[in-house]
Amino acid sequence: MIASILVVDDEMDMQQLLKRSLEPALDCRVETASSGEMALNMLSSNRFDLVLADIKMPGMDGLELLELIKRESSDVTVIIMTAFGSIDLAVEAMKNGAYDFITKPFDHNSLVLQLEKALERSALLKENSRLKKACENANIFQDIVGESPPMQRVFETVRMVANTDLTVLITGESGTGKDLTARAVHALSPRSKAPYIPVNCPTVPEQILESELFGYRKGAFTHATRNKRGMFHEAHNGSIFLDEIGDISPVIQTKLLRVLQEKEFKPLGDTTTIKVDVRIIASTNQNLKEKIAKGEFREDFFYRLNVLPIKLPPLRERREDIPLLTTHLLEKHCSKLNRPLKEISGDLLHMFMAAPWTGNIRELENVLVQGIMFSKSNEIRPEDIGFNGKQKASAQSPNPEFFRNLAYKKAKESTLEAFNTAYIGNLLKKTRGNVTRAARECDLERQSLQQIMRRYHISADNFRKESS
Ligand SMILES: Nc1ncnc2c1ncn2[C@@H]1O[C@H](COP(=O)(O)OP(=O)(O)OP(=O)(O)O)[C@@H](O)[C@H]1O
Ligand SMILES: [Mg+2]
């Protein structure tokens, strides 16, 4: 794009002289203004790379104009023109943020040289701010990998919704990246510098969830020994992320509905209402419409939440992202686990491309972490992790070698996952995916069993299909 210069001078001759000489010499566009007021007007609706302003003008003088321009945007390059002999005014202009000054009358060639330098500076500043912006965006999205068309659409929607204050509902199966996406919506929004408060709804018991969300007054209940601010209060001016909202009770749904409608709430045991400015982002891996039909989810609450939906595609619908995700996750975890960078063998990648991935990216991530730990060389092979492409790798019983390489917590987690996947898998096989019967058989509440299944990404559907 060609550079644009705004010449501000009350003398028409000078305006014309500069326009005629600079346009061909600098291959730029020169616009003219005959007063400071007119210049500000033009600057408010157009972008200029450089402002060349006379210091002595009737009405607003050059120094005043400089001050107002700098107040609006400190990045604009301003050069002041002074009459020969008024060097002190020029110095003052430089102190106030002018980039340079020129004294009249001027020599054409040195003027062109000076302006060339100034335009170079403007171009650098412009490029710098463009890169800064691109960098900010890249950082936010660098953790969310995906080149497939469905993921590109997700990125586009995230960028679009981030600029609004509307409520966002992120849906998608377990492990599809709901958490990452919610963070990106906040980070790309004008609220990014304000708090982001994630609330994992199912892990907080119902009675506590209410006091955590809305806060309480001292004495509101037995253990309320002091006033406590709720998460909605903490999130003021920022965003709150209500993770797995499908699991919350109708009582809390009703209270949240009020916050969504009125943007206000009352802490427990308090009579005064607190008004907050909070952007709500919610997520669920459940089918809320089904829950509505069963009377487990309030329909009005659903519509308040589902203002801007973002649907994350399961991994099996965007298999072309698997190689890229694999590389990304290997880099991430090799460096986290302090291992040399590993890669996967061709046949393992082949199996990855065809695997069902019911636990989506989280499952892929688990498999890769096991691969990093198990493989003896820098290449991860199917036999290192007992991956056969059908079964979840974690369903295999871990071999003793596995433990030797793992920290206690990680070893325990993996064992628990292997146990649960195998135990519940067997039960579901037996009941052909009937969760109610499976719960009865193992003496668990249906809801508890469902919670465990969600945690370990066990889907009853797989067992229904297997038996048919
Ligand atoms: N597009 C992606 N690119 C890179 N990593 C991803 C992507 N999506 C998910 N992940 C990784 O997969 C794991 C699961 O992602 P996340 O926790 O965001 O999913 P989720 O949908 O919230 O899962 P859950 O339903 O289990 O809570 C995380 O470790 C995350 O970093
Ligand atoms: Mg999550």
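The values are calculated or read from the model by the stated rules, or taken from the named source; none is laboratory data. These numbers were taken from a predicted model, which means no experiment stands behind them. Here the Cβ positions follow ideal geometry from the backbone for every residue, glycine too, while neighbour counts run over all protein chains shown.
Restricting Gly172, Gly146, Gly215 to residues that are in contact (Cβ under 8 Å) with a residue 12 or more places away in the chain and either more than 16 Å from ligand 1 (Cβ to nearest atom) or aliphatic (A, V, I, L, M) (or both) narrows the list to Gly215. Condition check for Pro309 on (1) closer than 21 Å to Pro195 by Cβ; (2) more than 16 Å from ligand 2 (Cβ to nearest atom); (3) in a strand (DSSP E or B); (4) not hydrophobic (A, V, I, L, M, F, W, C): one failure, at (1). The requirement of being in contact (Cβ under 8 Å) with a residue 12 or more places away in the chain, touching a Ser or Thr at 6+ places or on another chain (Cβ under 6 Å) and over 30 Å from Arg316 (Cα atoms) is fulfilled somewhere in segment 183-194, by at least one residue. Remark: Arg279 falls outside the filter, which requires a residue to be assigned by TED's automatic domain parsing to the domain that holds Val158, more than 26 Å from the chain's Cα centre (by Cα), buried (at least 17 other Cβ atoms within 10 Å of the Cβ) and within 30 Å of Gly359 (Cα to Cα). Please verify whether Phe301 is in contact with a helix residue (DSSP H, G or I) (Cβ under 9 Å, 6 or more places away or on another chain), away from ligand 2 (no atom under 16 Å from the Cβ) and in the same structural domain as Leu166 (by TED's automatic domain parsing), treating the condition exactly as stated. Yes.
Evaluating Ala184 against the criteria (1) aliphatic (A, V, I, L, M); (2) within 16 Å of ligand 1 (Cβ to nearest atom); (3) surrounded by fewer than 20 Cβ atoms within 10 Å (Cβ to Cβ) leaves one unmet condition, (3). Each residue in segment 371-390 was checked for being under 18 Å from Asn360 (Cα atoms) and basic (Lys, Arg), and 1 of them qualify. Entry remark, segment 77-101: residues being surrounded by fewer than 17 Cβ atoms within 10 Å (Cβ to Cβ) and assigned to a strand (DSSP E or B) number 1 in total. Just give me the residues in segment 166-224 being modelled with pLDDT of 90 or more, farther than 21 Å from Val278 by Cα and of a type in the set (D, E, K, R), in sequence order. Scanning segment 166-224 gives a single hit, Glu173.
Would you check if Asn200 is polar (S, T, N, Q) and away from ligand 1 (no atom under 16 Å from the Cβ)?
Spelling it out, it is not the case that Asn200 is polar (S, T, N, Q) and away from ligand 1 (no atom under 16 Å from the Cβ).
Considering only segment 272-288, how many residues are in a loop (DSSP other than H, G, I, E, B) and either within 16 Å of ligand 1 (Cβ to nearest atom) or under 22 Å from Ile248 (Cα atoms) (or both)? Give the steps one after another, and end with the answer.
Within segment 272-288, the subset in a loop (DSSP other than H, G, I, E, B) is 272-273, 276-278, 285-287.
Subset that is either within 16 Å of ligand 1 (Cβ to nearest atom) or under 22 Å from Ile248 (Cα atoms) (or both): 276, 278, 285-287.
Qualifying residue count, segment 272-288: 5.
Condition check: touching a residue at least 24 places away in the same chain (Cβ under 8 Å), in contact with a strand residue (DSSP E or B) (Cβ under 8 Å, 6 or more places away or on another chain) and within 16 Å of ligand 2 (Cβ to nearest atom). Does Thr77 satisfy that? In short, no. Of all residues in segment 101-114, exactly one satisfies the criterion of being within 18 Å of Ala3 (Cα to Cα) and in contact with a helix residue (DSSP H, G or I) (Cβ under 6 Å, 6 or more places away or on another chain), namely Val112. Mind checking whether some residue in segment 322-335 is within 18 Å of Leu169 (Cβ to Cβ), away from ligand 2 (no atom under 16 Å from the Cβ) and either surrounded by 16 or more Cβ atoms within 10 Å (Cβ to Cβ) or at pLDDT 95 or above (or both)? Checking segment 322-335: not a single residue is within 18 Å of Leu169 (Cβ to Cβ), away from ligand 2 (no atom under 16 Å from the Cβ) and either surrounded by 16 or more Cβ atoms within 10 Å (Cβ to Cβ) or at pLDDT 95 or above (or both).
Looking at Leu66, is it in contact (Cβ under 8 Å) with a residue 12 or more places away in the chain and closer than 24 Å to Leu26 by Cα? Steps first, please.
Details: in contact (Cβ under 8 Å) with a residue 12 or more places away in the chain: yes; closer than 24 Å to Leu26 by Cα: yes.
When the stated conditions are applied, Leu66 passes them.
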